[in-house]
């Protein structure tokens, strides 16, 4: 019986993929786990490996074609085996969910169906709310537990006892278990993070208390190095280099909030704190991809369109601010962005960033809303062309198309741009793109 | 430390508050020289005189209404209704007047009064000396409803009620008047705040919520099932029915996941129904079994013949049985 | 029969010794209450307010009673027709206008109660509600409190004759008799309890006939004669203040308007009867009395009307301009906090 090679679902909200490059051709022998084809989405490039060994009998989708997740790309089997000319698509779960028995992943609008339900139990007992909750929190398949309640029901005591007797994380497939956070294991004692550390506790999306101001009224507080540098940069940027114009848009965050609510727990199980910043970063990265003129730098002889999209995130420190950079932000999935955003922010605050992590940014996002600010006129981080200020998300009364009045979580986006490079119209189209992406999330 | 009965705790409370505050006076049927039909006010007439311990006409409406007017005019009356079964002529004055005065005048007037009445069955009192009425009053916004179950709480809660600037319905489990005894310190101001419930026994398997005589029985049942079946119950004495201490109620349920609510009032729409609804609404994800109520029958309470009375009334044995059943779920 | 009651047309000022200034003040109070009340009817018929329950016709007993009290010291617990009484106690047309429009700042209840539920701690008016006669035993309780404290403060409570059928009336006056309480209970007998005539309300010709039943004093007065009312009330209040116990005062009066803005009184009485009683209007009678004594002439009457008119106009304008209470005011605390008691 030939085995199908299927287009996977490569991200939370990704429903299709593009065949990049066939690494194997019809008639080639393939080994189990050998990569056969590269597939791409807007956010990530990935390889599909052979589930079994055999011969690549037939390829159904050519390079460059974009197909839905679940589409059969090819067949592997015994040489000479008959394969159909047309094959129906498969039903797939988003990557990473296939192994979970009793859970039901549910990306908000994407047609990703639930995985197969756990095999029915012999008894007709049900799961009480507390047992269901504990099972979900610990990723436990209740059907595996021996129950001592009525009719063999699994009681709270039963599941708690079961959990206490299990080794940690035994149920997670290997690719679900979070790594150390370092891309390479560094033997050096100055390693940024210890081995096997869980994802660092991410800063919650709430207001940070203002840092204590040094000195007493009447004192002359000498400049720290950081303060001098910030001052120099701000003067250089705003007063000597770029003509600054700020345009403000508002975005309805309902779709993002719904998406986040639906996925937060899921992400948490993978060790990722899904913050709003990740969504803003993702939307901005995509908008920059579609508007390369914003991801640019003014030079006397022309506007240089930067080859990579490296988004800096301004992080407030007690003594000033620092801007760690998410390299190639457009190639990361939401999960990847969320993880990196939190990691960089945490290390920024503990002064543990590597030099190259604060360099080569092409665009900056500043989250000035964390302390309640609604909109602002941020200063461009030279030599970039624009900086996006994200204000506080606040529930407001809005008028919908049909003149109905609703209460929605709204956020102001303040985009300051270099008017040498962009005009109002092109700047506005860029921000409108971000708004569209946020409002249509999922 | 002296050990006193529940009713002695009440008497001491009234005595001390009368001594402390000139605004406090007592009125009701037979409260004067007779000292009350249960002797809750014995000795107070001699000590404070006819101007402060006033025998009222046989007219419950007026006992309460006089109290309301006096309270508005600055006194802190304690109005006794001889049996809770007889409170209904005063129902209008309680739920339409006393309960509303603070709210309807935006705080301009208030109504600091205590309406005390013995309630509950199991004493061979028949249909008109055994009723539980707390649900009617707990339902009306503007009244505090308090039911002590120990001698200490009887004294401490009644003192707090007398000092409270609001109308407090104070129902006393008459079966426990002399049956319930406890240590109550001498010479100090024993005050139990109105509001907080009391976890009187810690446990992990089942939470038993109760008040009044039923709390007394619940503790007995908890001891029995611990000794005989190894079931460790947490017992919560509600004490203040309104305003309910939701935090304590929910916290205990989160611990055990199983709730048994015991009350001797008629089961249908009795006070325990509110606790059941609250737990199901606000602690659903901690539920490990159905929320059960053990209560009086849905017939007039309580029929006279002891066979019928026994069928009607919850008892320590019935409570233990219900606990075992729920623990095994 | 309702029209069998014999009422005099003249003012009986026997034993009443008030100076001209005070007499004119009584007149002004009656007119002020009347015009406020009439304006409220107009506003209702204009569709500007939802509900009005009127005191027109009762000004004689109410003003007479209020002025017989030591206002600011004695307590009053009123019923819904007592607009004139309340205004004599210090309640203003502006206060009343706020209540009929249900606006923020309404002093008796923050617009939580319907209008005409008079209450003010500062003015000594105990809170009143809608269930009738509940105020009688409560007022007795207030009187008891005064007695227990050894004060010479008197409590006056009022109600209509229909309300005397409630048990509360008996229980309250019973206490008053047993404990010789400093209480004066005024029954404003206007012959109708909504539509039910007095002979279906009681088998005795006078409410005051019941006073001996309680062991208290009784008195009957022409409620449309402000001076006679003043005298009778002064006697009753004096009795109470001096420890002589309670009095049940029955004021014979009439309600020339329907029970409330929703009532159609054509269904239960004749126009003739109403017109007859209008001839005995307390304001017209007192006006005639004052004219006879040279204390009022056309000019003075006009001046008073102008002054009153202006006050009512300003009150209405201010109330109409006032904001509605925020919806959250419905969540006013049920309980007074523990440590705030004065």
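Coordinate-derived values only; no laboratory data. Model, not experiment: these values are computed from the prediction. Cβ: placed from backbone, ideal geometry, glycine included. Neighbour counts: every protein chain shown.
A compact table of results
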| read-out | value |
| --- | --- |
| Single unsatisfied condition, residue C:311 versus (1) surrounded by fewer than 17 Cβ atoms within 10 Å (Cβ to Cβ); (2) within 14 Å of chain B (Cβ to nearest Cβ); (3) touching a helix residue (DSSP H, G or I) at 6+ places or on another chain (Cβ under 6 Å) | (2) |
| Unique match (being buried (at least 16 other Cβ atoms within 10 Å of the Cβ), touching a residue at least 12 places away in the same chain (Cβ under 8 Å) and assigned to a strand (DSSP E or B)) among A:388, A:340, A:437 | A:388 |
| Members of the range C:110-125 that are more than 10 Å from residue B:105 (Cα to Cα) and either at the interface with another protein chain (Cβ under 7 Å from one of its Cβ atoms) or part of a loop (DSSP other than H, G, I, E, B) (or both) | C:114, C:115, C:116, C:122, C:123, C:124 |
| Leading residue by the ranking (nearest to the other protein chains (Cβ to nearest Cβ)) among those in the range B:268-302 that are in contact with a strand residue (DSSP E or B) (Cβ under 9 Å, 6 or more places away or on another chain), over 25 Å from residue A:128 (Cα atoms) and in a loop (DSSP other than H, G, I, E, B) | B:270 |
| Residue count for the range C:196-226, restricted to those that are in contact (Cβ under 8 Å) with a residue 60 or more places away in the chain and buried (at least 24 other Cβ atoms within 10 Å of the Cβ) | 6 |
| The listed residue being in contact (Cβ under 8 Å) with a residue 12 or more places away in the chain, over 16 Å from residue B:67 (Cα atoms), within 10 Å of chain B (Cβ to nearest Cβ) and under 22 Å from the mean Cα position of the chain (by Cα), out of C:161, C:166 | C:166 |
| Given (1) at the interface with chain B (Cβ under 10 Å from one of its Cβ atoms); (2) in contact with a helix residue (DSSP H, G or I) (Cβ under 8 Å, 6 or more places away or on another chain), number of the condition residue C:329 does not satisfy | (2) |
| Any hit, the range B:148-165, residues being out of contact with any strand residue (DSSP E or B) (no Cβ under 6 Å at 6 or more places or on another chain), farther than 28 Å from residue C:135 by Cα and surrounded by fewer than 22 Cβ atoms within 10 Å (Cβ to Cβ) | no |
| Identity of the residue in the range B:303-327, in contact with a helix residue (DSSP H, G or I) (Cβ under 7 Å, 6 or more places away or on another chain) and within 15 Å of residue B:256 (Cα to Cα), that ends up farthest from the other protein chains (Cβ to nearest Cβ) | B:323 |
| All helices (runs of 4 or more DSSP H) inside the range B:147-242 with 3 or more residues being over 28 Å from residue C:337 (Cβ atoms) | B:176-179, B:213-229 |
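The rows are residues; the columns are (1) away from every other protein chain (no Cβ under 14 Å); (2) within 30 Å of residue B:98 (Cβ to Cβ); (3) free of Cβ contacts under 8 Å to residues at least 12 places away in the same chain.
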position	(1), (2), (3)
C:267	yes, no, no
C:271	yes, no, yes
C:276	yes, no, no
C:282	yes, no, no
C:301	yes, no, no
C:321	yes, no, yes
C:333	no, yes, yes
